[in-house]
Amino acid sequence: MVGLVIVLALLLICSGYLVGTYNGLVNLRESVKVAWANIDVLLKQRHDELPKLVDACKRYMQFEQATLEKVMRARGAVFQASSSGNIAAVGAAEQQLRAGMGQLFAVAENYPQLKSDENFRHLQTRITGLEESIADRRELYNDQVNLNNIRIQSFPDVLIASMFNFPAAHLLEFAQEEKSDVNVGALFAK
């Protein structure tokens, strides 16, 4: 009788551990999804604001069509990568978009009327704020990805993760150029 109680207690403990571990892994996986959804919302908001910014610039920057087109192509690439859920492609497209926006804002310095346009200033401030929010959310997303990936690779959780097919998540990384200081002189030279 005592042996049966011990066996049942061990089964109960093991079952509780398995259920707790599984639920913890599900919680982490969902946290990664929520963190990505928060970034996606900001990307869509910025996606909606960029055409307005380009339209405001078109009135003043008639000879800067290549710069405006570069921003709009990069905007489309970010939207496409984001819609497909391809995190690596989002990072690459973000690099192109940020380079284009940096160039756009640098070229705008040559147009005093544009810089004084209230709509342009509002959109520039709005997009800059969205960029800062994206950077903050990217940090949170990468933290969640890191926690998830550590957990699904740690013993004994790796056994449950592999048994129930918990995949590793991908960090949202930007190219090395994105991490280094901006060369403002080079932006003005373009």
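Could you point to the residue in L12, V34, A88 farthest towards the positive end of the range 1-106's charge dipole, with +1 and -1 charges on the Cβ of Lys/Arg and Asp/Glu respectively? Among L12, V34, A88, the one farthest towards the positive end of the dipole of the range 1-106 is A88.
Karplus-based coupling profile of the range 91-100, in residue order and whole Hz: x, 5, 5, 4, 4, 5, 5, 5, 5, x, with θ = phi - 60° in 6.51 cos²θ - 1.76 cosθ + 1.60 and x standing for Gly or Pro. Straight Cα distances below 15 angstrom link K70 to the aspartates and glutamates D55, E94, with same-chain residues fewer than 8 positions distant left out. 3J(HN,Hα) along the range 151-167, derived from phi through the Karplus expression 6.51 cos²θ - 1.76 cosθ + 1.60 where θ = phi - 60°, amounts to 5, 6, 9, 8, 7, x, 4, 4, 5, 6, 4, 6, 5, 9, 6, 8, x Hz, with x in place of Gly and Pro. Choose one answer from L140, L11, L123: the residue with the largest mean-square fluctuation in a GNM of the chain with alpha-carbon springs under 10 Å. Comparing L140, L11, L123 in a Gaussian network model of the chain, the most mobile one is L11.
Net length available on complete extension from L8 to M163 is 53.4 nm, with 0.36 nm assigned per residue and the Cα-Cα distance removed.
Remark: spin-label model distance D48-R73 equals 2.7 nm, labels positioned 7 Å along the Cα→Cβ axis. The phi-based Karplus calculation (6.51 cos²θ - 1.76 cosθ + 1.60; θ = phi - 60°) puts the 3J(HN,Hα) values of the range 46-55 at 5, 4, 6, 7, 4, x, 5, 5, 5, 4 Hz, whole numbers, x for Gly and Pro.
Just to confirm a number: summing +1 for Lys and Arg and -1 for Asp and Glu over residues other than Q96 whose beta-carbon lies under 9 angstrom from that of Q96, what do you get? Once positives and negatives cancel, what remains is +2. Against the chain, whose longest principal axis comes from its Cα atoms, helix 65-84 is set at around 10 degrees. Based on alpha carbons, the Rg and Dmax found for the range 29-76 are 14.8, 48 Å.
Computed from the C-beta positions of R121 and A89, the FRET efficiency with R₀ = 35 Å rounds to 0.65.
Length gained on full extension, Q153 to Q80: 23.2 nm, using 0.36 nm per residue less the C-alpha separation.
With N as its number of residues, the chain has a Cα radius of gyration that, divided by 2.2 N^0.38 Å, comes to 1.47.
Each residue in M61, M1 was given a count of other beta-carbon atoms within 10 angstrom of its own, and listing them fewest first yields M1, M61. Magnitude of the charge dipole for the range 25-189, about its Cα centre and with charges confined to Cβ atoms of Lys, Arg (+1) and Asp, Glu (-1), is about 320 debye.
Values in this text are rule-based calculations from the coordinates and carry no lab data. For clarity, every value in this text was computed on a predicted model and none was experimentally measured. Counting neighbours? That spans all protein chains shown, and the Cβs are built from the backbone with ideal geometry, glycine included.
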